[in-house]
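The values are calculated or read from the model by the stated rules, or taken from the named source; none is laboratory data. Just so we're clear, the structure is a prediction, and the values are computed from it rather than from any experiment. In this analysis, Cβ positions are derived from the backbone assuming ideal geometry, glycine residues included, and neighbour counts consider all displayed protein chains.
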Amino acid sequence: QTCALPIWIITDYSGVLRGNPPDIGAYEFSPGPKIWNGNISTDWNNGLNWTPNGVPSCSISVTIPTGTPHPCIVNSSIMVCNDMVLNGATFTINSGFAITISGNLTIQNNATLNNNGSLTVNTNVIKN
């Protein structure tokens, strides 16, 4: 007699990667902030470019630090995030593309914002 191996669901209800081993329930953990690691490419939409893995959703705050293998470039459809911190990094929005930040945008430690597309910040832009 053979048994089928279970098929593991790798993301929870909100698209957040599940723990290993997974626990019960729709949400594995509260989504916390995401940090750009740029390990794979410049693509915002590649979840492996973020720590923890996964593309940020609209309720997630993000930090783009300096010193990553690849800079973060918005080169796709509209992105939405809660708060964004550019910490010494270069962040580029390419022509024809947009990012909407529902919270604050903080630009600090000589970060550079190359806005060749469209940037909407719904609360404050803070430059330190």
- line: Here the qualifying pairs (Cβ atoms under 6 Å; residues six or more apart or on different chains; first in the stretch 117-128 and on the phi < 0 side of the Ramachandran plot and of a type outside the set (A, V, I, L, M); second surrounded by 12 or more Cβ atoms within 10 Å (Cβ to Cβ) and outside any strand (DSSP E or B)) come out as GLY117/ASN94; GLY117/PHE97; ASN122/SER102; THR123/GLY103; THR123/ASN104; ASN124/ASN104
- prompt: Within the stretch 89-106, is even one residue under 21 Å from ASN45 (Cβ atoms), of a type in the set (A, V, I, L, M, F, W, C), modelled with pLDDT of 95 or more and touching a Cys at 6+ places or on another chain (Cβ under 9 Å)?
  reply: yes
query: Where residues in the stretch 56-78 are in contact (Cβ under 8 Å) with a residue 40 or more places away in the chain and of a type in the set (A, V, I, L, M), which of them is nearest to LEU119 (Cα to Cα)?
result: VAL74
